[in-house]
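The structure under discussion appears below in the form of structure tokens.
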């Protein structure tokens, strides 16, 4: 079996937990005998083997938000162009189609696609390849990525986010949702139309002593508020 994992950032560019999840998933699939290709962004176009069974295909992608001191300075025109490409990036669509033709995956697992736009989903649909989507942020339904505004979580989405989620839903098409939390699953189910949905239970990184300490700290904070 061959699996294509798509994440805007990937090892060694570890911006948060999403990149770690993709790396661990690639290693786990490889141990199970799958051939894995990770499609990600980079400062230059390159292909290499991370380890036997795991290949990486970096797409040259000079966005103003890529963490690179050599990037051009941000200005309003550059920001506007990036916002348009975030809606639809034809170069990413063409590159994804080329990767699908070359690698011929049996399944595609999309993680963070905010730097790529929803184009990889459309490319997968063109090639009739099933897609699993694990959102690590709220970019598919929120223009600010975080479902957070004015110092608190959004109780409802603004007009711009509702419009964006409709566009996103049309681009994503049929996919299988694999959520990390119940909250995100319910939210994405309301805003999108996945073919199926499941929860991914991650093992806690804490031991029993750390869990007890965290629970005690939570009780102390609750007592102070009373």
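The numbers here are math on the coordinates, done by the rules we state, and not lab data. Please read all numbers here as calculations on a predicted model, not as lab measurements. Cβ coordinates were reconstructed from backbone atoms using ideal geometry, including for glycine residues, and neighbour counts include every protein chain displayed.
Would you kindly calculate the translational diffusion coefficient of region 151-197, applying Stokes-Einstein with the Kirkwood radius from alpha carbon pairs, for 10 °C and a viscosity of 1.306 mPa s, and quote it in µm² s⁻¹ without decimals?
Estimated via Stokes-Einstein, D reaches 138 µm²/s.
Just check region 70-176 against the gyration tensor rule for me: Cα atoms, a ≥ b ≥ c as the square roots of the eigenvalues, rounded for a/c under 1.5, and otherwise prolate or oblate depending on whether a/b exceeds b/c.
Oblate is the answer for region 70-176, as a/c is 1.5 or above yet b/c matches or exceeds a/b.
Would you mind calculating the gained length between residue 176 and residue 196 on full extension (0.36 nm times residue separation, minus the Cα-Cα distance), in nm to one decimal?
Computed gain between residue 176 and residue 196 is 6.7 nm.
Starting from 0.36 nm per residue, how many nanometres of slack lie between residue 84 and residue 20 once their C-alpha separation is accounted for?
Values: separation 64, 0.36 × 64 = 23.04 nm, distance 2.85 nm.
Here the answer is 20.2 nm.
With each label point set 7 Å from Cα along the Cα-Cβ vector, what nm distance links residue 77 and residue 144?
2.9 nm
Which order results if 198, 176 are arranged by neighbouring Cβ count within 10 Å, fewest first? Please list the in-between numbers first.
Values: 198 13, 176 16.
Exposure proxy ranking, most exposed first: 198, 176.
Taking the number of other C-beta atoms within 10 Å as the exposure measure, put 106, 137, 156 in order starting with the fewest. Before the final figure, lay out the partial values.
Values: 106 12, 137 17, 156 6.
Ranking 106, 137, 156 by Cβ neighbours within 10 Å, fewest first, gives 156, 106, 137.
As an exercise, use a Förster radius of 45 Å and the Cβ-Cβ distance of residue 46 and residue 167 to find the FRET efficiency, rounded to the nearest 0.05.
Here the calculated transfer efficiency is 0.90.
If neighbour count is taken as other Cβ atoms inside 10 Å, put 1, 39 in order from fewest to most.
Going from least to most buried by this count: 1, 39.
Go ahead and run the numbers for FRET between residue 158 and residue 126, Cβ-Cβ distance against an R0 of 30 Å, rounding to 0.05.
That pair, residue 158 with residue 126, gives E of 0.40.
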